[in-house]
Amino acid sequence: MNHQNMVEYIKEGLLNFIFPLDCKICEKPIRESKGYSICEDCFKTIELIEQPYCIKCGKPLISTDYFKSNRGILCSNCKRKKYSFEFSRSVGIYQKVLKECIHLFKYYGEKKLAKPLGKLMINYLLKNNEFKKKIDLIIPVPLHKNDFKKRGFNQSVLLGRVIGDYFSIPVGKRVLIKKKLTPFQVNLSKKEREKNIIKAFAVERPEEVKYKNILILDDIFTTGSTVEECAKELTKAQAKNIFVLTLARSV
Ligand SMILES: [Zn+2]
Ligand SMILES: [Zn+2]
């Protein structure tokens, strides 16, 4: 343990002693603080999305016998739509503990959650054979510089670092930028979201993208319009294959 880590460790231990953290889900005191307010037991309840899901966008499908025996299924949206990425997958459904974790991570600055959440994504990548194709570069969905200033960090970059470190894959910083400030997406309709996000991104370093297999990383897949806009720009910059992984999928 280096000096910096030691100071952190002692600080956290002291804080936890003076103000013991209660788990935000089960409200039991957290015995050994890791710097975030979800206990191990609650974290373990996060379930990974399993098949059947749409082979394109990864949307979980209701497990009927038909879907169980037909693996190459598209959801109703993907039958009509064309995407610039090969496929998109999400680790879990945006609900319960995972939703709470993402809120604490993004909006309450519990940056230390990047580690267990990133680990969840690593486990998903290890389990899912579809990603066995080589990924050359991870590109986290960028924030607009004003949003970055407000939040102080980009949650997708933090997750990207955990994953990149584990697999020894470089994480592209400032390869893709968000040039357009878009309004807070949560309360907008699907149509409005799609309209707002159009041409919001630009590739700043096309030479780093050319002929590469890229994994776009984001926290939540809602309509898919954000990752699609990123994929579009990366395609223009001659990326080879583009895959998408998000921590959560809102359904
Ligand atoms: Zn708990
Ligand atoms: Zn789909």
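For the reader, a short list of remarks on this structure follows.
- Here is the figure for region 216-249: residues that are among the polar types (S, T, N, Q), at negative phi, more than 12 Å from the chain's Cα centre (by Cα) and in a loop (DSSP other than H, G, I, E, B) total 1.
- Subset of region 201-215 [more than 23 Å from residue 114 (Cα to Cα) and outside any helix (DSSP H, G or I)]: 201, 202, 203, 204, 205, 209, 210, 211, 212, 213
- When residues of region 59-91 are limited to those that are among the basic types (Lys, Arg), open to solvent by 20 Å² or more (accessible area, probe 1.4 Å) and more than 9 Å from ligand 2 (Cβ to nearest atom), the one nearest to the chain's Cα centre (by Cα): 82
- Scanning region 39-58 for residues that are open to solvent by less than 50 Å² (accessible area, probe 1.4 Å) and either in the same structural domain as residue 24 (by TED's automatic domain parsing) or near ligand 1 (Cβ under 9 Å from one of its atoms) (or both) returns 39, 42, 43.
- Of residues in region 134-175 being crowded, with 19+ Cβ neighbours inside 10 Å and among the polar types (S, T, N, Q), the one farthest from residue 122 (Cα to Cα): 154
- Number of residues in region 205-241 that are open to solvent by less than 50 Å² (accessible area, probe 1.4 Å), in contact (Cβ under 8 Å) with a residue 40 or more places away in the chain, more than 20 Å from residue 168 (Cβ to Cβ) and in contact with a strand residue (DSSP E or B) (Cβ under 8 Å, 6 or more places away or on another chain) equals 11.
- Residue that is nearest to residue 225 (Cα to Cα), among those in region 165-212 that are of a type in the set (Asp, Glu) and either more than 20 Å from the chain's Cα centre (by Cα) or outside the structural domain of residue 116 (by TED's automatic domain parsing) (or both): 192
- Of the helices (runs of 4 or more DSSP H) entirely within region 76-149, those holding at least 2 residues that are over 22 Å from residue 215 (Cβ atoms) occupy 76-80, 96-106.
The values are calculated or read from the model by the stated rules, or taken from the named source; none is laboratory data. Because the structure is a prediction, the values reported are computed rather than measured. Backbone-built Cβ (ideal geometry, glycine too); neighbour counts: all protein chains shown. Heads up: the accessible areas ignore ligands, DNA and RNA and are worked out on the full protein's heavy atoms, side chains in. Shrake-Rupley method; radii C 1.70, N 1.55, O 1.52, S 1.80 Å.
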